[in-house]
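This report concerns only the one structure given below.
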Amino acid sequence: MSVATHDHSDEHDAHGPEKGLMRWIRTTNHKDIGTLYLLFALVMLFVGGLMALVIRAELFQPGIQFVNPDFFNQMTTMHALIMVFGMIMPAFAGFANWMIPMMIGAPDMALPRMNNWSFWLLPFAGAMLLATLLMPGGGPASGWTLYPPLSLQAGDGFPFTIFSIHLLGISSIMASINIIVTILNMRAPGMTLMKMPMFVWTWLVTAYLLIGAMPVLAGGVTMLLTDQFFGTSFFQAAGGGDPVLFQHIFWFFGHPEVYIIILPAFGIVSQIIPTFSRKRLFGYDSMVYATASIGFLSYIVWAHHMFTVGMPLAGELFFMMTTMLIAVPTAVKVFNWISTMWRGSLTFETPMLFAIGFLFMFSIGGFTGLMMAIVPLDFQYHDTYFIVAHFHYVLVPGALFAALGGAYYWLPKWTGHMYDETLGKWHFWLSTIFVNLLFFPQHFLGLAGMPRRIPDYATQFTDWNLVSSIGAFGFGFAQLLFVWIVVQCARGGQKATSQVWDHPEGLEWTVPSPAPYHTFEEAPLVK
Amino acid sequence: MRIAMLLGSRLGVELMLSLGKSALRALAAAAGLFAYAHAHADWATNLPRGVTEISSRIYDLHMLVLGIVTVIGVLVFAVLTYALIAFRKKPGVASATWDHSNLAEFIWTVIPFFVMVGLAIPAAQALILIEDTSGSELTVKITGYQWKWQYEYVGKNYSFYSTLGRESNVARQKNSGRDPYAVDNYLLEVDRPLVLPAGVKIRYLITSNDVNHAWWVPDFGVKRDAIPGYMNEGWFQVDRPGTYRGQCAELCGKDHGFMPIVVEVIPESEFDAWLRQQVTG
Ligand SMILES: [Cu+2]
C-alpha cells in the first residue's frame, strides 16, 4: 500500500501499481484511469445497445408486441443518454487519458487526482440515471433532448435524471480542464503545438468545446428543475415562459456536443491512416485549421435543429448558411485523408479497415447532414427516420467505428500482445454489413414518411423496419466478438514489439509494449 | 451489482421476453422474408412529390440536392476505392514522401464553398415561397392536444376534434390479437378528418394546448411545430381533391404515435355546402 504513496522521484522506476481493487479506486495513473474509462464505455455500449434492441424488437413489425408506448419512450430516451454520455464520450476520454500524455511525452496528466474524480463520478451518475427506470413513473421519456413541457410530465425519477446529467457534466468539465492543462503545459521539449499528433489537437479543441457547452446544458436542465419544483416559469407558457427558449439552450449545448463526439474520432482516424499508408498525414496544418474552424462553427449553427419551430426567414437563412459552411472544413478533412493514402503503401489491418469504413460511412452521414441543412428539405426530413439514419451514420459507423479502430490500433501497446487479426477482420466485416442493414433502410423509412420516436407504425413501413431490425440484432451480436477479442488479447497472445506496426510515427511507439506503468518520467527530446 | 439486480427484477422480465420472442420472430421472418414482403410490398424509398406547390418545390430541390451529393459521393468514393486498390503495399515500391500541396488544398477548400453557395440560392427561393402566407382565402386554426387535434375554421364559428380511428385504436393495444393489416389505413385513420376546399389558398395557424406537437402532412410539404404559447402560421393549397394522411411529428408523450392527421380535400362548391351544413346542423 505504501508503495503507491511516493514523494521521492528516485523511487519512480521501482514501483508498479497497487494490488487489488484499491488500485482502481485510488488510482491517479493516467493509464489506469484510461482503462477504467474504456471498460466503463464498453459496459455502457451493451447497456445502451440492449435498449436499442428493445426498440428494434418492438419495431420489427406493426402492432405493439413487447413494450408499452411509455416504456418505449423511456427506451429511446435512455438509449440516447447512455450512448452519448455513458458510452461514446467516456470512450474518447479513455483514449485521451491513455494516449495524450504518451503522445506529448508527459509523465502523466497534469491533475491526476482530479482525473480520478472525473472518472469515478461516472459510474454513480450512470447508475443513478439507470435507476430512474425503477422509480414510480419510470425513467425520462421525453427524448434525450428533454424538451419541456413534455419533460416536465415526468415521474419521480425526474430530479435524479437532472442530477445525473449534472454529475456527467461535471465529470466532463473536469476531464476537459485536465486535458487542456496537460496539453498546454506538459509537452516534452521540442513538442511545439504544430508538431502535436492530430489526436491531441482534436482533443484540445474538443475540451474547449466541452467547457463552453456543458455549463449551458447544466443551466438549462437546472431551469427545468426549478420549473418543476420551485414554481418558476422559464419554459411554461402559462406562467409567461417560453418553451422554445429551452430548445435554444439545449441545442446551444447540443450542437457543439455533436463535434465533441466526432472530433476525437477525426483524431483517431488521422493517427491510423498515416500508419497503414506508411506516409505522413497529408496537409497537417490545414487539418489543424479545419478542426479549429469546425469547433468555432459548431457554436453558430444550433438552430438548424429547430427549423420547424417557426423562425423568422432571416434566422432560417442564417442557420442554413452557417450549417452548410461546416461542410467545407469537413470536406477538407476527407480529402486530406484520401491524399494521405495517395501513393502510400497501404495494408489493411483491422484498425485501417475501421478507419476506411469510417471514411465511407461518415461521408454518407455528412451528405445527409448537408441535405438537412437546407431548410425547405428539413421541413420534410425533420423528426423522421431520415434524421435517425443521418445521426446514426455519423455516430455508429462514424464515431464508434473510429473508437473501435483506435482500440485495435493501441491494444497491443496497452496489453503487450497482438490481438487476433483474423477475428478482428471478422468483427469489422460483420459490423459493416449489419450496420448498413440497420441504418441504411432508415433513410427510406424517413423519406417515405415514418416519424421518429413512435412505437408502432402504419403497415407500409413494415418492410424496411424488418430489415433494419435484423441488422440491429446482427450488429449487436457482432460486438460480442469484440469483447472476446479484447479479453483474449489482454490474457495473452503473440508478443507485441514496441513499434507494433510498420514504423508508425509518434512517441507512444518509442516505449515498450505493454507501456510501463510510468512513461516519460524524463521528458524525451522532440526534434 | 445491486443496481443491476434491481434493474433485472423489473426490466429483466420484459427484456428477456422481448428478446426471446423477437429472436424467434427474426428467424421465422428471415426465412419467409421475401414471401412476406411480397405480400405487403411497399419498399418505398423516396420522398413523395406530393400535391401542393410547396411539396413539389421541396421534391425538386430534394432531387437536385440528392443528385449533387450522389455525384460527389460517387466521385469521392471512386477516388478512394482507386487509392485503396492502386496503392496497396507492393514489394520494392516505397511511399511518396510529400505531405502537403497548397494548391490542391486551396482548390478543395474553395470548390465545396461554391457548391454550398450554389445550393443556398434555390433553397432560399423555395423558402421565401413557403413563408409567404399572403392572399389566403380560408384560415384554419390547428391546436394540438395529448393526443388529438382540434381544427377550427376561423371566422366560421365551427370547430371539432379529430382522434385516432376506432379500429386502429383497438388493434394498436398491446397484444390486441388484431392484425394491423386487416385494419384499413392502420394508424392513419381518424374519426373526423379535416375537410378543406380544393384550389383555395389555405392559411393555417398552429398552437398547442399542452406539450409540443408537430402537424405534418408529407403530401403537402407542411410540417410545423405546435407549441403552447406560440401561434405559428403557414399555408398550402391543394388543387386535387382527395384524402391525404400524416402524423404528429414531435414527441408528445405516450400516444405520440397515435394522433394521425387526415385531410379530406373536396371541390370548393361542395365545401361551402358542407360547412354550411356543419354550422347550422
Ligand atoms: Cu403530438
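The values are calculated or read from the model by the stated rules, or taken from the named source; none is laboratory data. This is a predicted model, so every value here is computed, not measured. Because the Cβ atoms are built from the backbone with ideal geometry, glycine has one as well, and the counts that use them run over all protein chains shown. Heavy atoms of the whole protein, side chains included, go into the accessibility calculation; ligands, DNA and RNA do not. Shrake-Rupley method; radii C 1.70, N 1.55, O 1.52, S 1.80 Å.
Between segment A:385-417 and segment A:256-305, how far is it from one alpha carbon centroid to the other, in angstrom?
If you average the Cα positions of each part, the centres end up 15 Å apart.
Hey, what's the per residue convex hull volume over the C-alpha atoms of segment B:138-280, in cubic angstrom?
So the per-residue hull volume is 105 Å³.
To the nearest 500 deg cm²/dmol, what mean residue ellipticity at 222 nm is calculated for the protein assembly as shown from DSSP H runs of n ≥ 4 alone, each contributing -39,500 (n - 2.57), summed and divided by the residues?
Working: 23 runs with 450 residues, N = 808.
So the helix-based figure for the protein assembly as shown works out to -19000 deg cm²/dmol.
Using the Cα centre of segment B:138-280 as the reference point, and only Cβ charges (+1 on K/R, -1 on D/E), how large is the resulting charge dipole? Debye, rounded to the nearest 20.
220 debye
Please average, across the residues of A:343-349, the number of beta carbons from any other chain that are within 10 Å of each residue's own beta carbon, and give a whole number.
Per residue, the number of nearby Cβ atoms from other chains is 6 on average.
Carbon and sulfur atoms: what percent of the 1.4 Å accessible area of segment B:112-220 do they account for?
In segment B:112-220, the share of accessible area belonging to carbon and sulfur is 46 percent.
For A:Ala292 and A:Arg491 in one chain, what is 0.36 nm times their gap in residues minus the Cα-Cα distance, to one decimal in nm? It would help to have the intermediate numbers written out before the result.
Values: separation 199, 0.36 × 199 = 71.64 nm, distance 4.00 nm.
Length gained, A:Ala292 through A:Arg491: 67.6 nm.
For segment A:175-252, give the percent of accessible area contributed by carbon and sulfur heavy atoms, probe 1.4 Å, rounded to a whole number. The partial results should precede the final answer.
Numbers: 1960 of 2760 Å².
Exposed carbon and sulfur together represent 71 percent of the surface.
Listed highest first by mean packing, meaning other Cβ atoms within 10 Å per residue, what order do A:69-80, A:219-230 come in?
A:69-80, A:219-230
Compute, for the protein assembly as shown, the length of the dipole vector about the Cα centre, with Cβ point charges of +1 (Lys, Arg) and -1 (Asp, Glu) only. Units Debye, rounded to 20.
1440 debye
Per residue, how large is the accessible surface of segment A:252-406? Use a 1.4 angstrom probe and give square angstrom. Don't skip to the end; give the middle numbers.
Details: 3170 Å² over 155 residues.
Normalised by residue count, the accessible surface of segment A:252-406 is 20 Å².
Provide the buried accessible surface between chains A and B in square angstrom, both chains summed, 1.4 Å probe, rounded to the nearest 100.
9700 Å²
Considering the options B:Met116, B:Thr139, B:His100, tell which one lies farthest towards the positive end of the dipole of segment B:73-142, charges being +1 on Lys and Arg and -1 on Asp and Glu at the Cβ, about the Cα centre.
The residue sitting most towards the positive pole is B:His100.
Would you mind classifying segment A:346-444 by shape? Square roots of the alpha carbon gyration tensor eigenvalues, ordered a ≥ b ≥ c; an a/c under 1.5 is rounded, otherwise it is prolate if a/b is larger than b/c and oblate if not. Don't jump to the answer; show the numbers that get you there.
Details: a/c = 3.24, a/b = 2.61, b/c = 1.24.
Prolate.
Any idea which of A:Ile183, A:Phe163, A:Val244 is furthest toward the positive side of the dipole for chain A, if Lys and Arg beta-carbons carry +1 and Asp and Glu beta-carbons -1?
Of the candidates, A:Ile183 comes out farthest on the positive side.
For the ranges A:190-201, A:350-361, what's the packing order if you count other beta-carbon atoms within 10 Å of each residue, average per peptide, and put the highest first? Present the calculation step by step, with values, prior to reporting the outcome.
Details: A:190-201: 18.2, A:350-361: 24.6.
Averaged packing, sorted descending, gives the order A:350-361, A:190-201.
If one puts a single equal scatterer on every Cα of segment A:143-224 and applies the Debye formula without solvent, what log₁₀ I(q)/I(0) results at q = 0.12, 0.13, 0.14 Å⁻¹?
Listed by q, the Debye log ratios stand at -0.48, -0.54, -0.59.
State the percentage of accessible surface on segment A:439-517 attributable to carbon and sulfur atoms; use a 1.4 Å probe and exclude ligands, DNA and RNA.
64 percent
I'd like the distance separating the alpha-carbon centroids of segment A:179-200 and segment A:328-366, in whole Å.
24 Å
Considering only DSSP beta bridges whose two residues both sit in segment B:138-280, what percent are antiparallel, to the nearest 5?
For segment B:138-280, the DSSP antiparallel bridge percentage is about 70.
Compute the Cα gyration tensor for chain B, then decide on rounded, prolate or oblate, letting a ≥ b ≥ c be the square roots of its eigenvalues: rounded whenever a/c is under 1.5, prolate when a/b is larger than b/c in the other cases, and oblate in all that remain. Walk me through the numbers on the way to the answer.
On the way: a/c = 2.26, a/b = 1.33, b/c = 1.69.
It is oblate, given that a/c is not under 1.5 and a/b is not larger than b/c.
Please work out the Cα convex hull volume for the protein assembly as shown and give it in Å³ per residue.
Dividing the Cα hull volume of the protein assembly as shown by its residue count gives 163 Å³.
For A:Lys19, list the lysines whose Cα falls under 17 Å from its own Cα; do not include residues on the same chain fewer than 8 positions away.
A:Lys31
What is the mean number of Cβ atoms from other protein chains located within 10 Å of the Cβ atom of each residue in peptide A:274-286, rounded to a whole number? Spell out each step's value before the answer.
On the way: counts 2, 0, 1, 5, 5, 7, 6, 2, 7, 7, 2, 4, 7.
Mean partner-chain Cβ count within 10 Å for A:274-286: 4.
Can you tell me the 0 to 90 degree angle between the C-alpha axis of helix A:313-341 and the longest principal axis of chain A, rounded to 10?
30 degrees
Of the DSSP beta bridges with both residues in the protein assembly as shown, give the percent that are antiparallel, rounding to the nearest 5.
Looking only at bridges with both residues in the protein assembly as shown, the antiparallel portion is about 70 percent.
Select from B:Ser134, B:Ser159, B:Ser56 the residue whose mean-square fluctuation is largest in a Gaussian network model of chain B (Cα-Cα springs shorter than 10 Å).
Maximum fluctuation in the GNM of chain B, among the listed residues, is at B:Ser134.
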